[in-house]
Amino acid sequence: MPTPPRISGAVLRTVARAARTRAGAALLYQAYRTDLKINALPALPEHMRGELQLHNRPLAGRPPRSIHDDALPLSGHDSARGAWPPTSARIAAAYEKGELSPVKTVEKCLQYARDLAKRTPTIGPLTHDTGDVAREEARASEARYAKKRSLGPLDGVPVVVKEETAVKGLPCRGGTSFFGDEPAAQDATVVARLREAGAIVIGISVMTEFGMSPLGQNAQRAMPKNPHNDAYVAGGSSTGSGVAVATGLVPFAIGCDGGGSIRIPAAVNGVFGIKPTWGRVSRAGDVFTGSSVAHLGPLASSTEDLARMLEVIGAPDPEDEETLRSPAIPAGSLIAACKRGVRGLRIAVDETQ
């Protein structure tokens, strides 16, 4: 493929000015769609639309490292009463003490999402919410807490899911207008596992079209601006998931990362994100994870929440054979790993980049 042109200086400033006008933005949008061959996708023959067959077997590069445990304290973020954004541990602890209600929390989240969407420019991270389904799940969670029968540290905690990952009853469109509005018939595996742990999906988050932009721009959606400064973009392609965490709407969210789509919006919005090891998280029920680079994973308000999320969603799944060689994660083991420290770790730096 030809090397794309690199622009700078006066040319880049001219393009930037054009992008801020309605006509210029429309022309650039069409130019990018043509360059990326997006307009040609509907013409692909049916035999080219099947799933990519993957049969990867991971090989250990060296023996497992010796693990030291320095028994370090966790960040202490949860101990700060006014810390923002809130973590799942702080929310669950408030439920346990009766200081917070899952029902009131979910209702507040649904209203807050609508309020964010009404701002100009918008900071709304959702394209659809789950409405009465979330309210029903919140009532069930509240009843469990009242009986001291919580399902665990995620019970009643709100979460959002990137719109390429199936949530039963909501469309799964991947940031584009090519796919219809038909509701998903069942949850993706990661969503089902979150529900089993008691987490409440309050909606699906907007993303860039086909996940192709790292900036957070998509003419097919009302894309949220950066909540820290609405003159800036919020990164992509898991744009809405990053904004949902950064605004405190939810303590964690599901994203998908092929070339930075979790890590970029996490960094740009000042939250945490991780692209999990290949085969760690099931891709079943996600419309874009047929490639060998796309990994489902979490964005969160703390590293501890990343660990909690991975403990729930990171297990072998018969629906995704790439996960079958991954060992199950013992409960609490990743949270404990956050206390080990960094002795024995190796960090690689590519000095050519």
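The values are calculated or read from the model by the stated rules, or taken from the named source; none is laboratory data. Everything numeric in this text was worked out from a predicted model, so none of it was measured. Please note: Cβ atoms are built from the backbone with ideal geometry, for glycine as well, and neighbour counts cover all protein chains shown. Only protein heavy atoms, including side chains, enter the accessible area calculation; ligands, DNA and RNA are left aside. Shrake-Rupley method; radii C 1.70, N 1.55, O 1.52, S 1.80 Å.
Taking the criterion of being over 13 Å from the mean Cα position of the chain (by Cα) and open to solvent by less than 20 Å² (accessible area, probe 1.4 Å), the residues of segment 296-305 that qualify are SER302, GLU304.
Please determine whether any residue of segment 26-40 is of a type in the set (A, V, I, L, M), over 30 Å from VAL233 (Cα atoms), open to solvent by less than 100 Å² (accessible area, probe 1.4 Å) and at pLDDT below 85. No, segment 26-40 contains no residue that is of a type in the set (A, V, I, L, M), over 30 Å from VAL233 (Cα atoms), open to solvent by less than 100 Å² (accessible area, probe 1.4 Å) and at pLDDT below 85. Determine whether segment 306-327 contains at least one residue that is assigned to a loop (DSSP other than H, G, I, E, B), in contact with a His (Cβ under 8 Å, 6 or more places away or on another chain) and either touching a residue at least 40 places away in the same chain (Cβ under 8 Å) or open to solvent by 10 Å² or more (accessible area, probe 1.4 Å) (or both). Looking through segment 306-327, none of the residues is assigned to a loop (DSSP other than H, G, I, E, B), in contact with a His (Cβ under 8 Å, 6 or more places away or on another chain) and either touching a residue at least 40 places away in the same chain (Cβ under 8 Å) or open to solvent by 10 Å² or more (accessible area, probe 1.4 Å) (or both). If you go through segment 220-239 and keep only what is more than 20 Å from TYR112 (Cβ to Cβ), touching a helix residue (DSSP H, G or I) at 6+ places or on another chain (Cβ under 9 Å) and open to solvent by 70 Å² or more (accessible area, probe 1.4 Å), you end up with just TYR232. Within segment 249-279, the set of residues being more than 17 Å from THR303 (Cβ to Cβ) and in a loop (DSSP other than H, G, I, E, B) comprises LEU249, GLY258, GLY259, GLY260, SER261, TRP278, GLY279.
Scanning segment 193-220 for residues that are on the phi < 0 side of the Ramachandran plot and at pLDDT below 95 gives GLU209, MET212, SER213, PRO214, LEU215, GLN217, ASN218, ALA219, GLN220. The set of residues in segment 211-248 that are within 18 Å of VAL167 (Cα to Cα) and in a loop (DSSP other than H, G, I, E, B) contains only SER238. Residue count for segment 280-305, restricted to those that are modelled with pLDDT of 90 or more, over 17 Å from VAL250 (Cα atoms) and either part of a strand (DSSP E or B) or of a type in the set (Ser, Thr, Tyr) (or both): 4. Residue selection: ARG283 satisfies the criterion of being more than 26 Å from ASN226 (Cα to Cα) and of a type in the set (Lys, Arg). The condition of being within 30 Å of ASP317 (Cα to Cα) and open to solvent by less than 30 Å² (accessible area, probe 1.4 Å) holds for only one of PRO183, PRO125, PRO85, PRO153, that being PRO125.
ILE274 fulfils the conditions (1) open to solvent by less than 10 Å² (accessible area, probe 1.4 Å); (2) modelled with pLDDT of 95 or more except for a single criterion, (1).
For segment 333-344, the criterion of being assigned to a loop (DSSP other than H, G, I, E, B) and free of Cβ contacts under 8 Å to residues at least 24 places away in the same chain is met by at least one residue.
Which one of these is touching a helix residue (DSSP H, G or I) at 6+ places or on another chain (Cβ under 6 Å) and closer than 19 Å to ALA222 by Cα: ASP181, ASP129, ASP155, ASP115? So the residue among ASP181, ASP129, ASP155, ASP115 that is touching a helix residue (DSSP H, G or I) at 6+ places or on another chain (Cβ under 6 Å) and closer than 19 Å to ALA222 by Cα is ASP129.
Among the numbered conditions (1) touching a helix residue (DSSP H, G or I) at 6+ places or on another chain (Cβ under 6 Å); (2) open to solvent by 30 Å² or more (accessible area, probe 1.4 Å); (3) more than 18 Å from PRO251 (Cβ to Cβ), the only one that ARG193 does not meet is (3).
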